[in-house]
1. Kindly provide the set of residues from region 31-54 that are farther than 20 Å from residue 129 by Cβ, at pLDDT 85 or above and either more than 17 Å from the chain's Cα centre (by Cα) or outside any strand (DSSP E or B) (or both), ordered by number.
2. Might you let me know whether region 73-84 holds any residue that is touching a strand residue (DSSP E or B) at 6+ places or on another chain (Cβ under 6 Å), surrounded by fewer than 12 Cβ atoms within 10 Å (Cβ to Cβ) and either at pLDDT below 85 or not in a loop (DSSP other than H, G, I, E, B) (or both)?
3. State which residue pairs qualify: first residue on the phi < 0 side of the Ramachandran plot and inside region 101-112, second residue in a helix (DSSP H, G or I) in any location, beta carbons under 6 Å apart, and separation of 6 or more residues or different chains.
4. Looking at this structure, is residue 6 without any contact (Cβ under 8 Å) to a residue 24 or more places away in the chain and surrounded by 14 or more Cβ atoms within 10 Å (Cβ to Cβ)?
5. Which count do you get for residues in region 11-22 that are at pLDDT 85 or above and assigned to a loop (DSSP other than H, G, I, E, B)?
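The values are calculated or read from the model by the stated rules, or taken from the named source; none is laboratory data. Keep in mind that what you see is a predicted model, and the values were worked out from it rather than measured. Glycine gets a Cβ as well: all are built from the backbone with ideal geometry, and neighbour counts include every protein chain shown.
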């Protein structure tokens, strides 16, 4: 399973791979650790927003992201009896726009440019992760060189 982290323009920043039974919430920390060295001077006075799907919904992850000064824009899973705000309500309050489609577009671009990632043919996880990393490098080379 591929996990991507993209910037506000949809450019790939980090990628991790797991088995299908892996815990998606733990992958957020691995993805953020990959980009910990990036400069944050361009975000003076602004909070970074992390948008994810419902698979990443957990209280501990939200608290950890807030401790790192990252706003978690993650929809809540529907649990009977739990009074939770809708994602659209949160976006309206903080004047945010949903950009989840950029992540889906990045997945589509990655799988279109690197057909080997479309189906997982490799049996060894290290080889699969290597091809995924090569896909990210290939996408950045196309942007940098032209």
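1. Listed by number, the residues that qualify are 52, 53, 54.
2. Residues of region 73-84 touching a strand residue (DSSP E or B) at 6+ places or on another chain (Cβ under 6 Å): 73.
Cutting the leftovers down to surrounded by fewer than 12 Cβ atoms within 10 Å (Cβ to Cβ) gives us none.
No: region 73-84 contains no residue that is touching a strand residue (DSSP E or B) at 6+ places or on another chain (Cβ under 6 Å), surrounded by fewer than 12 Cβ atoms within 10 Å (Cβ to Cβ) and either at pLDDT below 85 or not in a loop (DSSP other than H, G, I, E, B) (or both).
3. Filtered contacts from region 101-112: 110/135; 111/117.
4. Working: without any contact (Cβ under 8 Å) to a residue 24 or more places away in the chain: no; surrounded by 14 or more Cβ atoms within 10 Å (Cβ to Cβ): yes.
Against the criterion (without any contact (Cβ under 8 Å) to a residue 24 or more places away in the chain and surrounded by 14 or more Cβ atoms within 10 Å (Cβ to Cβ)), residue 6 does not qualify.
5. Counting residues in region 11-22 that are at pLDDT 85 or above and assigned to a loop (DSSP other than H, G, I, E, B) gives 1.
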